[in-house]
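S.K.: Sending over a structure as structure tokens; questions will come in a sec.
The numbers here are math on the coordinates, done by the rules we state, and not lab data. None of these values were measured; they are calculated from a predicted model. Neighbour counts are summed over all protein chains in view; Cβ atoms, including those assigned to glycine, are modelled from backbone coordinates with ideal geometry.
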């Protein structure tokens with residue numbers, strides 16, 4: 001088990017399997033708020049569902065309306081269990097706050113891989129490798 005400590009953006013506790021992207025994510029136009037599926041063409045997670053996963057990506061990108069897509073995902077029961085970033089940015093941070101999704105940044109996200117089991121508790125992130 002690997003223990004990481006980051007900066008709390010939205011305090012909370014969550015557990016789930018990691019879904020990791022090496023590329024930034026735009027929630028407006030990049031993730032379908034009705035299905036939780038990543039729809040951005042050519043994105044490394046295209047076709048994957050973010051629902052109930054610990055979503056790990058370097059940072060967000062795109063329009064401020066992306067915050068509301070995160071809220072829509074939560075309202076539809078399809079939100080990520082938690083969000084982990086290398087560096088938070090305002091769009092995703094606001095979305096996590098209004099959707100009540102635990103979020104931590106300033107993490108070495110290259111230490112986490114898709115399929116790893118993750119537990120978030122405040123600023124502490126525990127990682128159990130899938131291998």
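S.K.: With 10 angstrom as the radius, rank 27, 57 by how many other C-beta atoms surround their C-beta, starting from the fewest.
M.R.: Numbers: 27 27, 57 23.
Listed from fewest to most nearby Cβ atoms, that is 57, 27.
S.K.: Here's a follow-up. Hey, quick one: spin label on residue 76, modelled 7 Å out along Cα-Cβ, who in the stretch 11-45 has an amide N within reach, i.e. under 18 Å?
M.R.: The answer is 25-41, 45.
S.K.: Could you give the length gained on full extension between residue 63 and residue 35, defined as 0.36 nm per residue of separation minus the Cα-Cα distance, in nm?
M.R.: Working: separation 28, 0.36 × 28 = 10.08 nm, distance 1.96 nm.
Result for the pair: 8.1 nm of gain on full extension.
S.K.: Something else: Output the peptides 58-68, 105-115 sorted from most to least packed, where packing is the average of other Cβ atoms within 10 Å over each peptide's residues.
M.R.: So the peptides 58-68, 105-115, ranked by packing, come out 58-68, 105-115.
S.K.: Then there's this: Rounded to the nearest 500, what is the 222 nm mean residue ellipticity of the chain from helices alone, with -39500 (n - 2.57) per DSSP H run of 4+ residues and division by all residues?
M.R.: Numbers: 2 runs with 20 residues, N = 131.
So the calculated ellipticity at 222 nm is -4500 deg cm²/dmol.
S.K.: Between 0 and 90 degrees, rounded to the nearest ten: what's the tilt of helix 90-99 against the longest Cα principal axis of the chain?
M.R.: 90 degrees
S.K.: Let me ask you something else. Using 7 Å Cα-to-Cβ label points, what is the residue 23/residue 8 separation (nm, one decimal)?
M.R.: Distance between the two pseudo-spin positions: 3.4 nm.
S.K.: Please work out whether the stretch 56-131 counts as rounded, prolate or oblate from its C-alpha gyration tensor, where a ≥ b ≥ c are the square roots of the eigenvalues and a/c under 1.5 means rounded, while otherwise a/b larger than b/c means prolate and anything else oblate? Before the final figure, lay out each step's value.
M.R.: On the way: a/c = 2.03, a/b = 1.56, b/c = 1.30.
It comes out prolate by the Cα gyration axes.
S.K.: Separate question: Compute the acute angle (0 to 90°) between the alpha-carbon long axis of helix 66-75 and the principal axis of greatest extent of the alpha-carbon atoms of the chain; round to the nearest 10°.
M.R.: It works out to around 80 degrees.
S.K.: Would you please put 89-102, 40-53 in order of how densely packed they are, using the mean number of other Cβ atoms within 10 angstrom per residue and starting with the highest? List each step's numbers first, then the result.
M.R.: Working: 89-102: 20.4, 40-53: 15.9.
By packing density, highest mean first, the sequence is 89-102, 40-53.
S.K.: Going by the alpha-carbon gyration tensor, a ≥ b ≥ c the square roots of its eigenvalues, is the stretch 24-99 rounded (a/c under 1.5) or, if a/c is not under 1.5, prolate (a/b greater than b/c) versus oblate?
M.R.: The shape class here is rounded.
S.K.: Would the stretch 2-45 count as rounded, prolate or oblate if I go by the C-alpha gyration tensor, calling it rounded below 1.5 in a/c and otherwise prolate when a/b exceeds b/c, oblate otherwise? Walk me through the numbers on the way to the answer.
M.R.: Numbers: a/c = 2.17, a/b = 1.80, b/c = 1.20.
Verdict is prolate for the stretch 2-45.
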